[in-house]
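Single-structure report; data block below.
The values are calculated or read from the model by the stated rules, or taken from the named source; none is laboratory data. The structure presented is a predicted model; accordingly, all values stated were derived computationally and were not measured. Positions of Cβ are generated from backbone atoms using ideal geometry, with glycine treated the same way; all protein chains shown enter the neighbour counts.
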Amino acid sequence: MQLEELNVGVLGAGQIAQAAHFVACRKAANVRLYAICDAAEDLLARMVTVHQPTTAFTDYDSMLSDPEVDAVVVAVADQFHVPLAIKALEAGKHVLVEKPMATSVEDAEALARAAERHQRVVLVGHEKRYDPGIAFAHDFIRDQIGELIGLKHWYCDSTYRYPMTDAVQPLIETGQKVVRPAGDPKADRRRYLVLGHGSHLLDTARYLGGPITAIRARLSTRADTYCWFLETEFENGCLGQLDLTVAVRMDWWEGFQVYGQHGSVLGKVFNPWYLRAAEVQCFSAKDRQFHQPLGEDADVFRLQIEDFAHAIRTGEQLRGSTPEDGVASVRGMVAVARAVESGDWVRLADVDGGL
């Protein structure tokens, strides 16, 4: 069946766009890479040559004024996510905004309100929800495991990640006129790692275990390593233990265990750039069998943009992170920072401000 294609404009031609979004749009069954927008003319020209969009822009307002653009992927620095996503909504466009959705609770809530006000689909780019193994675990927990007892989730970056990912990612091109936020976002290492990696840790834990209501956290910075151990309380009463470590002296180490009334789930998650589905075993006490998906299609970025386009065309619910999920992730990250400072439990509903 011929699918109606969604015309997508990608804002930003940096690393995440080159490694993920351009190719995902081109591969998607229901999406057309209609436009690329970047202020760096030399970089834009190279991306146009490689990816062949219908048109290209150096000015964001010009792309937004094009009536053929149905939706925008906001793939720029974290500090620009909210104002540029809201500008797209005001222009009547749907938005896929890269994670983290925002760098403060107030900005995240402003974007969520804008999505509601303009009645447009907003998808937050926590692409791990599209990993077939993680999605299978989510559905099994929802449908078969019964009352949740405990959840463990660990996300440990590797000291050897870049030699490995450089082998599978395209060679990233740069331009002479790159627009960057003021200062150096990477200078505050703790903040940078929580935004970049903690957003994934918290969103996946919420996806599997439900809303998190409170967090207690400790941080070790020994041996040039940042290691957060978190205790979490879930809204449903489930207890949680989360581990965010950057970086371990071993291979990438990410996974989860979930214990429930009628079964359990064990998952091993691979580095996202390998596009390899998580290995998941779901045990059901009802039939005393393990259930395991093949997960043959693990192109998470393509699956993400296809789900985005499908939701826009049909009005069906997104599998991925909604604006409310994005707000919760930002609240969680701020709560982690506050909990490390105080040494006590922090309720997510009570936090405000940013990292």
> If you scan region 227-239, which residues turn out to be part of a strand (DSSP E or B) and surrounded by fewer than 22 Cβ atoms within 10 Å (Cβ to Cβ)?
Replying inline: Cys227, Phe229, Glu231, Glu233, Phe234, Leu239
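Take Arg32 and decide whether it is surrounded by fewer than 22 Cβ atoms within 10 Å (Cβ to Cβ) and in a helix (DSSP H, G or I). Can you show your working first?
On the way: surrounded by fewer than 22 Cβ atoms within 10 Å (Cβ to Cβ): yes; in a helix (DSSP H, G or I): no.
Considered against the rule, which asks whether it is surrounded by fewer than 22 Cβ atoms within 10 Å (Cβ to Cβ) and in a helix (DSSP H, G or I), Arg32 comes out as no.
Quick check: anything in region 129-138 surrounded by 14 or more Cβ atoms within 10 Å (Cβ to Cβ), of a type outside the set (Lys, Arg), in contact with a Ser or Thr (Cβ under 7 Å, 6 or more places away or on another chain) and in contact (Cβ under 8 Å) with a residue 12 or more places away in the chain? Before you say what the answer is, go through the steps one by one.
Taking region 129-138 as the starting set, the residues that turn out to be surrounded by 14 or more Cβ atoms within 10 Å (Cβ to Cβ) are 129-138.
With of a type outside the set (Lys, Arg) added as a condition, the list becomes 130-138.
From the residues that got through so far, the ones that are in contact with a Ser or Thr (Cβ under 7 Å, 6 or more places away or on another chain) too are 134.
Checking the rest, the ones that are also in contact (Cβ under 8 Å) with a residue 12 or more places away in the chain come to 134.
Checked against the condition, which is being surrounded by 14 or more Cβ atoms within 10 Å (Cβ to Cβ), of a type outside the set (Lys, Arg), in contact with a Ser or Thr (Cβ under 7 Å, 6 or more places away or on another chain) and in contact (Cβ under 8 Å) with a residue 12 or more places away in the chain, region 129-138 yields at least one hit.
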>> If I ask for residues that are in a strand (DSSP E or B) and farther than 30 Å from Pro163 by Cα, which ones from region 248-265 would you list?
In response: Val258, Tyr259, Gly260, Gly263, Ser264, Val265
>> Any residue at all in region 61-71 that's surrounded by fewer than 16 Cβ atoms within 10 Å (Cβ to Cβ), within 26 Å of the chain's Cα centre (by Cα) and farther than 19 Å from Arg313 by Cβ?
In response: yes
> Among Gln169, Gln119, Gln176, which is within 30 Å of Val72 (Cα to Cα), in contact (Cβ under 8 Å) with a residue 60 or more places away in the chain and over 19 Å from the mean Cα position of the chain (by Cα)?
Replying inline: Gln176
> Which residues, taken from region 306-355, are under 24 Å from Ala20 (Cα atoms) and touching a Ser or Thr at 6+ places or on another chain (Cβ under 8 Å)?
Replying inline: Ser321, Ser329, Val330
> Of the residues in region 276-298, how many are surrounded by fewer than 17 Cβ atoms within 10 Å (Cβ to Cβ) and out of contact with any strand residue (DSSP E or B) (no Cβ under 8 Å at 6 or more places or on another chain)?
Replying inline: 6
>> Give me the residue from region 276-313 that is touching a Lys or Arg at 6+ places or on another chain (Cβ under 9 Å) and in a loop (DSSP other than H, G, I, E, B) and, out of that set, farthest from His262 (Cα to Cα).
In response: Asp299
> All but one of (1) more than 18 Å from Met333 (Cβ to Cβ); (2) under 20 Å from the mean Cα position of the chain (by Cα); (3) surrounded by fewer than 20 Cβ atoms within 10 Å (Cβ to Cβ) hold for Tyr259; which doesn't?
Replying inline: (2)
>> Please return the ranges of strands (runs of 3 or more DSSP E) entirely within region 90-207 where 3 or more residues are assigned by TED's automatic domain parsing to the domain that holds Gln257 and touching a Leu at 6+ places or on another chain (Cβ under 8 Å).
In response: 148-158
